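Read through the structure below, which is laid out as structure tokens, and then see the notes.
What follows is calculated from the coordinates using simple rules that are stated; it is not laboratory data. This structure is a prediction, so every number in the text was calculated from the model and none was measured. Here the Cβ positions follow ideal geometry from the backbone for every residue, glycine too, while neighbour counts run over all protein chains shown.
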Amino acid sequence: MLQGTFALFNRALCVDFRLMRTHLFRFLFAILILFCLMIAHSSSRFIGAPGHSLFSNIIYLNFVFILMAGVSFFATAITEEKEEQTIGLLLMAGVNPISLLLGKSLPRLVSALILLSIQFPFTLLAITLGGVTFSQVLAAYATLAAFLIGLANLGLVCSVVSARSRTASTLVLISLALYFLGPFLLGWCVEGAVASRWITSNSMIARGTEAFVEGCYESSVLRQLLAILASGFSESAWSFQFWTNLIAGLVFFLLASLFFSRFALTEVSTDPGRGLISKKRNRIFSPGRAWTQALAWKDFYFVNGGLGMAVIKFVCYGGALISLCAYINITSRSYSLREMGLTMFWTMLIVVLIEVSLISSRIFHVEVQWKTLVSTAMLPQSMAQIAYAKVYGALLAVVPAFSYLLIGGLLGINEMRQDLGMVLAEPSFWLTCIEVLFFWHLTALLSTFIKWGALPLAFVLMWVGNMFFFFFMSLIIMSGGGGGPEVFEAITILFTLFLSAGIVGSHILINERLVFLASQ
């Protein structure tokens, strides 16, 4: 077992260390830490305890990266072997399931832990800026490392039981939602049951549920990070969250070992799956005849689930919004229809942004993965027309979320009308809109170059660009003497125009990249 484990582990690490992008990414992360340090040092005369601000930004940035890695990086450890149909060959070569699991998951975990360890010496510099102690730094990185180990093994389980990488990523995302929101919803249900007198507060069910919810809160990485970043933290780095996350990682690995023989050897079709497409006899959810825009029809039904997935989204979004509004209505003294509309609007705005981001990461990646660009390019259309048809079909999948967004906007229009003119007159508002559009274009472009991780990589690049922008903008404003707001608005407008040109350039680059891939 150890020989097979070492062989896969050694090969994966050797391949990883020989890739230039691996070292560039780690170097980039170290540069980001130094850049944050420069910002904290330059702002030390304006804010108190700049070290605490620097430390908080670094920790939360790492937390976001770990979440993205769990959804994309760790969730594809076994599914990529299924899609390439190489698991059977590895088993025939004498590699047993435990060795295969360790050999595929351990190198990814080591690479992520190395990325954390790179930052640790630089983060210690936050102590010299004030507001942070060594015990806080140690506890924060121990918390993140334990959460990383648990999440890596959760991704391994989802990768074992799933047939495709997309399904595994979805399972990880659902599991994370239950991890962060499950205790909150369960506690709310128990409070509602006690208030409705379905159960008494002293019953065994109520006390057992309260104890379980409290244990879930104690094991939450977000709760632990908030406690660590609070002033006066002096607890041990080896907290309840640390040990429970490590134990959860071990349990997840054992589950992956148990499920391997049942799920990992399932034969995966070499063709793209049809998802929730119904059989032809179902007239409602069947794709039926192709539309005039055949590529839009194909992407809507065979990539984004079609009407079946749209109905599921419509029901799930509606149920979630009703539950959220009911909870706010119960916990607040007054909750008008306008406030309900604002809640729906802002909630669904976040959902729409997430959905379009996910669509942009896979809209062209599917064609690249299944090597269908060559045959698609033979259609009597230009590559730009093909790309826009695919975008049209993919955006139809956002109609359920956009419908609730529109309903919420109509209900809360009177509340928003007061500030709408002021917001539209702000250059920062248009900069935010252009940044979101540029982020989607950058994600789509990166998805044609890399196998996985286009979305988190685009997030990193956007974060770096914004950091540089605000850093140089603050330097210009501080060195300008007077007229700070005017200079700020002028630089914001220039940056907006620069990103607008970047969007136009990304259209050209995506088209050239697709033409190049179609000619291979």
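Compactness of the chain is given as radius of gyration and Dmax, 25.1, 73 Å, from Cα positions.
Of the Cα atoms belonging to region 286-424, the radius of gyration and Dmax stand at 18.9, 63 Å. 3J(HN,Hα) couplings calculated from phi for region 113-130 with the Karplus curve 6.51 cos²θ - 1.76 cosθ + 1.60 (θ = phi - 60°) are, in sequence order, 5, 5, 5, 5, 5, 4, 7, 4, x, 6, 5, 4, 5, 5, 5, 5, 7, x Hz; Gly and Pro show x. Label zone of Met416 (point 7 Å out along Cα→Cβ, amide N under 15 Å): in region 343-358 this covers 343-353. Rounded to the nearest 500, the 222 nm mean residue ellipticity of the chain from helices alone is -25500 deg cm²/dmol, with -39,500 (n - 2.57) taken per DSSP H run of at least 4 residues. The HN-Hα couplings worked out from phi for region 158-175 by the Karplus form 6.51 cos²θ - 1.76 cosθ + 1.60 (θ = phi - 60°) are 4, 5, 6, 7, 9, 8, 9, 5, 5, 5, 4, 4, 5, 5, 5, 5, 5, 5 Hz, whole numbers, x standing for Gly and Pro.
For the peptides 169-180, 152-163, the ranking by mean Cβ contacts within 10 Å, running from highest to lowest, is 152-163, 169-180. Fewest neighbouring Cβ atoms within 10 Å first, the residues Lys371, Lys82 line up as Lys371, Lys82. Each Lys and Arg Cβ is given +1 and each Asp and Glu Cβ -1; about its Cα centre, the chain then shows a dipole of about 1340 debye.
Average 1/r across all pairs of distinct alpha carbons in region 385-426, invert it, and you get the Kirkwood radius: 12.6 Å. Descending by average beta-carbon neighbour count within 10 Å, the peptides 72-78, 358-364, 337-343 line up as 72-78, 358-364, 337-343, the highest first. With θ taken as phi - 60° and the Karplus curve 6.51 cos²θ - 1.76 cosθ + 1.60 applied, the whole-hertz 3J(HN,Hα) list for region 505-520 is x, 5, 4, 5, 5, 5, 4, 5, 5, 5, 5, 5, 5, 5, 8, 7 Hz, x standing for glycine and proline.
For the chain, lysine pairs with C-alpha atoms less than 30 angstrom apart, excluding pairs fewer than eight positions apart on the same chain, total 28.
Per-residue packing, averaged as other Cβ atoms within 10 Å, sorts the ranges 302-308, 230-236, 248-254 into the order 302-308, 248-254, 230-236, beginning with the highest.
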